[in-house]
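Here the structure is laid out as structure tokens; the discussion comes afterwards.
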Amino acid sequence: MKLRYAATAAIAVFGILAGAAQADELADIKAAGEINIGIFSDFPPFSSASADMSIKGYDVDVAQKIADGLGVKLNLVSVTGQNRIAYLNDDRVDLLMSVGYSKERAEVIDFAAPYAPYYIAVIGPAALKVSGKEDLADKTVAVNRGTLEDTSLTAAAPGSAAIQRFENYNSVIQAFISGQTELMVVGNDVGAQVLARQDALKPEQKFQLLSSPSHIALRKGEEGLKKAVNDSVAAMIADGSLDASSKSWLKAPLNPENLKD
């Protein structure tokens, strides 16, 4: 009798443990009725404080759509480049926005589908004809010294291009706006701010030097949550809302090619 009771108890305990093992983050989020998503609090146009001090931007649009799709409340959590992976793996956030894919990161976290274009572009006034790297010959180009933009431009530009290197993005932008250089090379996040504010100059993206789209990151093994995120991104692409966010925040229509690694 005692043996039978012990066996029954053991089976019950095993069942509880098995049930716990089968529980996943998606189920936990739905049970809690909220999702915690890590974002950079000062990363325009992807996320930054608006006039009413609420955080708005491309990433916020996408995060809200994911929460709405799950039927839960969105909690935005401010993270930094230094702490965000730890926040994810310590269960302080459920997802991270604006994470570039790398093999090193893929060893410790997982990646949902790319959702945001990130690319390095050559930007110039509409009146200046530039469509490829060969057109950089004899042109003056501003770039932030020692950045990925710098190395990408240096590798692509003809020898006659006059590359002017500056110590920060503000100096790059000012050199371009003032006419000190004919062109500038920046990421589309920086470029969007210039495209939005310079009506007289009418700057435009001429061509891309490098593309590395942003992903939404999650903890390893969370296949249910990963599918839900991927489904949300696919729905935003299908219904045009991701294109609308791109036009609003990045000042350019969404090109699906820019969502390919």
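Sub-8 Å Cβ pairs linking a first residue in segment 118-144 that is free of Cβ contacts under 8 Å to residues at least 60 places away in the same chain to a second residue that is aromatic (Phe, Trp, Tyr) and open to solvent by less than 10 Å² (accessible area, probe 1.4 Å), at least 6 apart or interchain, are Ala142/Phe176, ordered by first then second residue. Among the residues examined, Ser152 does not qualify as in a loop (DSSP other than H, G, I, E, B), polar (S, T, N, Q) and under 30 Å from Ala244 (Cβ atoms).
If you go through segment 217-250 and keep only what is among the aliphatic types (A, V, I, L, M) and outside any helix (DSSP H, G or I), you end up with Ala217, Leu218. Restricting segment 36-57 to residues that are touching a strand residue (DSSP E or B) at 6+ places or on another chain (Cβ under 6 Å) and touching a residue at least 60 places away in the same chain (Cβ under 8 Å) leaves a set whose member that is nearest to Leu95 (Cα to Cα) is Ile37. Checking each residue in segment 149-197 for being among the polar types (S, T, N, Q) and open to solvent by 50 Å² or more (accessible area, probe 1.4 Å) picks out Thr151, Thr154, Ser160, Gln164, Asn168, Asn170, Gln174, Ser178, Gln180, Gln193. If you filter segment 103-118 down to residues that are within 24 Å of Leu242 (Cα to Cα) and open to solvent by 10 Å² or more (accessible area, probe 1.4 Å), you find that the one that is modelled with the lowest pLDDT is Tyr118. Of all residues in segment 150-179, those that are assigned by the TED database to the domain that holds Leu128 and of a type outside the set (D, E, K, R) have Cβ atoms under 7 Å from Cβ atoms of residues that are open to solvent by 40 Å² or more (accessible area, probe 1.4 Å) and in a helix (DSSP H, G or I), 6 or more apart or on another chain, in Ala156/Lys133; Ala157/Lys133; Pro158/Glu134; Ile163/Thr154. Of the residues that sit in segment 60-87 and are in contact with a Gly (Cβ under 7 Å, 6 or more places away or on another chain) and of a type outside the set (Ser, Thr, Tyr), which one is surrounded by the fewest Cβ atoms within 10 Å (Cβ to Cβ)? My answer is Lys73.
Take the conditions (1) touching a strand residue (DSSP E or B) at 6+ places or on another chain (Cβ under 6 Å); (2) open to solvent by less than 40 Å² (accessible area, probe 1.4 Å); Arg219 misses just one of them, which is (1). Residues that are open to solvent by 30 Å² or more (accessible area, probe 1.4 Å) and touching a strand residue (DSSP E or B) at 6+ places or on another chain (Cβ under 9 Å) within segment 233-250 comprise Ala234, Ile237, Trp249, listed in sequence order.
Select from segment 193-216 the residues that are outside any strand (DSSP E or B) and among the polar types (S, T, N, Q) and write down the one among them that is farthest from Ser47 (Cα to Cα). Residue satisfying both the conditions and the ranking: Gln198. Scanning segment 131-175 for residues that are of a type in the set (Gly, Ala, Ser) and in contact with a Phe, Trp or Tyr (Cβ under 7 Å, 6 or more places away or on another chain) turns up Ser131, Gly132, Ala142, Ala175.
The values are calculated or read from the model by the stated rules, or taken from the named source; none is laboratory data. Fair warning: this is a prediction, and the values are worked out from it, not measured in the lab. Cβ: placed from backbone, ideal geometry, glycine included. Neighbour counts: every protein chain shown. Just the protein is used for accessible areas: all its heavy atoms, side chains included, with ligands, DNA and RNA removed. Shrake-Rupley method; radii C 1.70, N 1.55, O 1.52, S 1.80 Å.
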